[in-house]
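Working notes, structure below.
All of the numbers you see were taken from the coordinates with simple rules; none came from a lab. Bear in mind the structure is a predicted one, so any value in this text is a computation, not a measurement. Positions of Cβ are backbone-derived with ideal geometry, glycine not excepted, and every protein chain shown enters the neighbour counts.
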């Protein structure tokens with residue numbers, strides 16, 4: 001509706017005085033003063049709500065506040081306190097004095113809420129006696145109107161003023177305004193609140209400032225609308241808080257243009273060849289991109305096209321295009337082919353002007369995900385030599401296995417590694433994360449071969465001078481424990497043409513693997529299977545030292561297999577057409593081993609060889625001291641050291657004593673006396689050991 005010539009008028013509240021007629025009542029023998037007598041036990045307050053014409057009412061509106069009269073039986077100068085659970089009481093303190101007629105006057109205004117409520121008044125007379133009274137009433141709309149004034153001063157009811165009226169640019173701003181009129185067509189003078197809502201505001205694609213609810217100023221509520229991510233037509237509703245009055249409007253917003261497409265994620269980034277998947281072995285990767293506008297906000301409904309950087313081996317995408325969602329995101333699935341390779345997904349979107357905008361994903365690796373023979377290694381923490389390992393239980397080392405596939409990418413998470421130890425004890429298995437996992441080894445029995453004990457174990461007495469020496473004493477070595485780790489994998493080969501598969505021309509370019517075994521005597525062969533050891537297991541030192549070696553029976557045929565009949569490449573990089581012809585897709589065990597030395601501390605020997613002036617230090621089994629042990633030289637008498645005086649033992653893996661140069665000379669060549677040189681070993685965690693030798697002249 002259009003109301004012509006509407007004016008703005010402030011309506012003043014009119015307060016009416018209530019006159020009381022006092023009737024004096026006389027009675028026989030009893031005189032009275034003409035007033036209603038006190039209620040000595042307390043009493044009721046009388047509450048009357050009147051409109052601007054002085055008529056009783058039970059309704060107030062924002063345009064028509066009410067006047068509340070609270071009567072207290074003619075008592076003056078009594079403080080009356082009034083509260084209400086809806087609307088507002090004036091004065092704001094909620095208190096007023098009764099006048100000479102015993103009436104306290106308050107004004108009741110509508111406030112923000114609409115509905116029914118209760119006014120409560122309380123007072124205490126001069127004798128301290130309480131009085132109370134209540135009145136039920138309601139706050140109504142009373143013909144409130146919501147709209148705006150056009151340029152001609154006409155009121156356009158139920159519509160929102162929107163400036164500018166033209167199509168809003170993407171990300172642009174518009175002013176939203178509404179005016180509230182009372183039933184007489186005047187701007188309301190009470191404080192009101194208005195809520196502005198729309199589909200884009202609710203979805204977080206548009207904002208308003210100030211935010212909801214928007215307070216009125218001189219009967220008008222205004223806010224700034226910003227189309228942060230909204231496009232198309234947005235229908236807006238303005239609602240007066242606490243009332244059923246509404247106004248409507250629409251904004252047309254230009255479509256946003258794509259400024260960029262961003263790569264978000266590729267999970268996982270390593271997938272395995274088609275047909276080789278399983279637990280923790282995904283054959284697909286989910287790739288996610290995001291389309292944004294020039295403001296960095298996500299764009300919904302944009303068509304994104306997908307391609308691959310290569311399709312070798314049958315790589316494929318789940319779809320060629322997709323529409324961006326409410327977060328601007330699109331996703332596509334990459335499926336592996338039959339050839340190991342690396343690939344990226346290319347995402348392209350139109351910028352709105354006919355120009356493509358593209359980006360690429362991170363690299364996705366398609367591989368076997370299996371360990372290959374030359375990419376598995378075993379390491380030990382805190383040094384190869386375990387101090388006191390031959391005499392004390394519970395000394396630990398951490399064994400870590402690292403595994404990669406043919407392309408030296410870490411194997412898939414969850415790959416199992418199985419451990420076996422010659423001496424001591426070890427945790428049996430672990431599962432990889434990022435290509436590695438670790439277990440704990442500890443010193444304990446056994447420390448010698450089960451069958452022969454220390455009968456054939458070599459000691460320093462076997463050295464040329466019956467003392468510590470640099471030589472490997474050979475079979476059987478004391479205190480050296482082989483630790484084996486194995487897992488299911490594939491053999492290594494040389495990929496001459498780089499196509500990621502074992503071609504027929506490459507059928508001889510691989511290293512053939514036997515079944516895994518624990519190499520107790522460190523001769524790199526499964527000794528019990530040697531012809532001479534089969535014929536006479538205890539016939540040679542080599543056979544005796546390797547007598548207790550065991551193998552891992554991969555095919556469960558109860559026999560050690562050399563896998564050489566015929567010797568062909570085993571692995572998933574054998575192409576389907578080559579399987580059973582020049583290679584095999586059957587898997588096998590790949591493995592590595594390492595030796596830790598159980599030191600026989602405190603049985604140390606220091607042997608100074610005069611000719612070379614080298615001191616060799618070893619335990620009774622001719623094994624070196626533990627890493628970081630110290631060796632110090634000192635002299636006494638007519639002797640001085642030529643060269644270094646202090647040494648730190650390195651982390652020694654091989655058998656044989658540790659040697660240091662000991663160059664000495666007489667301090668005074670003319671002095672006929674001979675001094676001494678002391679060689680002191682300070683083991684990392686053990687007791688010092690010293691040998692004293694005569695000083696060389």
Review point. What does a probe at residue 154 reach in the range 212-250, counting residues whose amide N is under 18 Å from the point 7 Å along Cα→Cβ?
Key: 248
**Study point:** Calculated FRET value between residue 565 and residue 413, using beta carbons and R₀ = 25 Å, to 0.05
**Key:** 0.10
Revision key, fill the gap. Most exposed to least, judged by fewest other Cβ atoms within 10 Å, 274, 397, 697 sort to 697, 274, 397
Check your understanding: For 390, 302, what ranking results if the residue with the fewest other Cβ atoms within 10 Å of its Cβ goes first?
Key -> 390, 302
Practice item. Mind jotting down a quarter of the surface of the convex hull over the alpha carbons of the range 260-367, in square nanometres, one decimal? Key: 6.6
Exercise for review: Any chance you could get the radius of gyration and Dmax over the Cα atoms of the range 317-381, in Å?
Suggested key: 18.4, 62
Practice item. Output the antiparallel fraction of DSSP beta bridges having both residues in the range 373-595, as a percent to the nearest 5. Key: 90
Practice item. Take the Cα atoms of the range 569-611, find their three principal axes, and give me the spread along each one in whole Å, biggest first. Key: 67, 27, 12
Exercise for review: Would you compute the Debye intensity of the range 454-564 from its alpha-carbon atoms alone, equal scatterers and no solvent, and pass along log10 I(q)/I(0) at q = 0.23 Å⁻¹ to two decimals?
Suggested key: -1.24
Practice item. Quick one: plug the Kirkwood hydrodynamic radius of the range 549-697 (C-alpha pairs) into Stokes-Einstein at 10 °C, 1.306 mPa s, and report D in µm²/s. Key: 81
Check your understanding: What are the extents of the Cα atoms of the range 145-253 along their three principal axes, listed from largest to smallest and rounded to whole Å?
Key -> 41, 29, 20
Review point. Simple spin-label model, 7 Å along Cα-to-Cβ: residue 254 to residue 233 in nm?
Key: 2.0
Revision key, fill the gap. Expected unfolding gain across residue 374-residue 670 under the 0.36 nm per residue rule, minus the alpha-carbon gap, is 100.2 nm
Check your understanding: How far apart, in nm, are two points set 7 Å out from the Cα along the Cα-to-Cβ line at residue 641 and at residue 505?
Key -> 6.3
**Study point:** Distance from the range 481-541 to the range 274-331 (C-alpha centre basis), Å
**Key:** 43
**Study point:** Mean projected area in nm² (Cα convex hull; one quarter of hull surface) for the chain
**Key:** 64.1
Review point. Nearest 0.05, what FRET efficiency do residue 224 and residue 398 give at R0 = 60 Å with Cβ-Cβ as r?
Key: 0.40
Exercise for review: Take the range 388-461, compute every pairwise Cα distance, and split them into 10 Å bins from 0; I just need the percent in each bin.
Suggested key: 18, 34, 25, 16, 6, 0
Practice item. Return a whole-number percent for the relative contact order of the range 312-447, with Cα pairs under 8 Å and 6 or more residues apart as the contact set. Key: 18
Practice item. Quote the FRET efficiency, to the nearest 0.05, computed for residue 169 versus residue 286 with a Förster distance R0 of 22 Å and r equal to the Cβ-Cβ distance. Key: 0.05
Exercise for review: Can you tell me which of 180-189, 476-485, 47-56 comes out highest on packing, and rank the rest after it, using the mean Cβ neighbours within 10 Å?
Suggested key: 476-485, 180-189, 47-56
Review point. What is the distance in Å between the Cα centres of the range 159-228 and the range 597-675?
Key: 92
Review point. So how compact is the range 74-122: Cα radius of gyration and Dmax in angstrom?
Key: 11.7, 35
Check your understanding: Contour minus end-to-end for residue 265 and residue 350, with contour as 0.36 nm per residue of separation and end-to-end as the Cα-Cα distance?
Key -> 28.5 nm
**Study point:** Proxy reagent accessibility, fewest Cβ within 10 Å first, across 586, 151, 234
**Key:** 151, 586, 234
Check your understanding: Rounded to the nearest 5, what is the percent of antiparallel bridges among the DSSP beta bridges in the chain?
Key -> 90
Point to revise | Per-q log10 I(q)/I(0), the range 373-595, q = 0.16 Å⁻¹ (Debye; single scatterer per alpha-carbon; no solvent) | key: -1.16
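Sort the following peptides by mean Cβ neighbour count (other Cβ atoms within 10 Å, averaged over residues), highest first: 423-429, 446-452, 553-559, 235-241.
235-241, 423-429, 446-452, 553-559
I need the fraction of alpha carbon pairs in the range 165-205 separated by more than 11 Å, rounded to a whole percent.
In whole percent, the share of Cα-Cα pairs in the range 165-205 beyond 11 Å is 78.
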Check your understanding: Fully extended, how many nm does the chain gain between residue 53 and residue 321 (0.36 nm per residue separation, minus their Cα-Cα distance)?
Key -> 89.2 nm
Point to revise | 16 Å reach of a label modelled at residue 496, 7 Å along Cα-to-Cβ, counting backbone N of the range 563-577 | key: 569
Point to revise | q = 0.24 Å⁻¹, the range 227-268: log10 I(q)/I(0) [Debye, one scatterer per Cα] | key: -0.88
**Study point:** Where Rh is the Kirkwood radius over Cα pairs, Rg/Rh for the range 516-635
**Key:** 1.19
Study note, to complete from the structure: Between residue 120 and residue 217, the two model label points (7 Å from Cα along the beta-carbon direction) sit apart by a distance in nm of 3.8
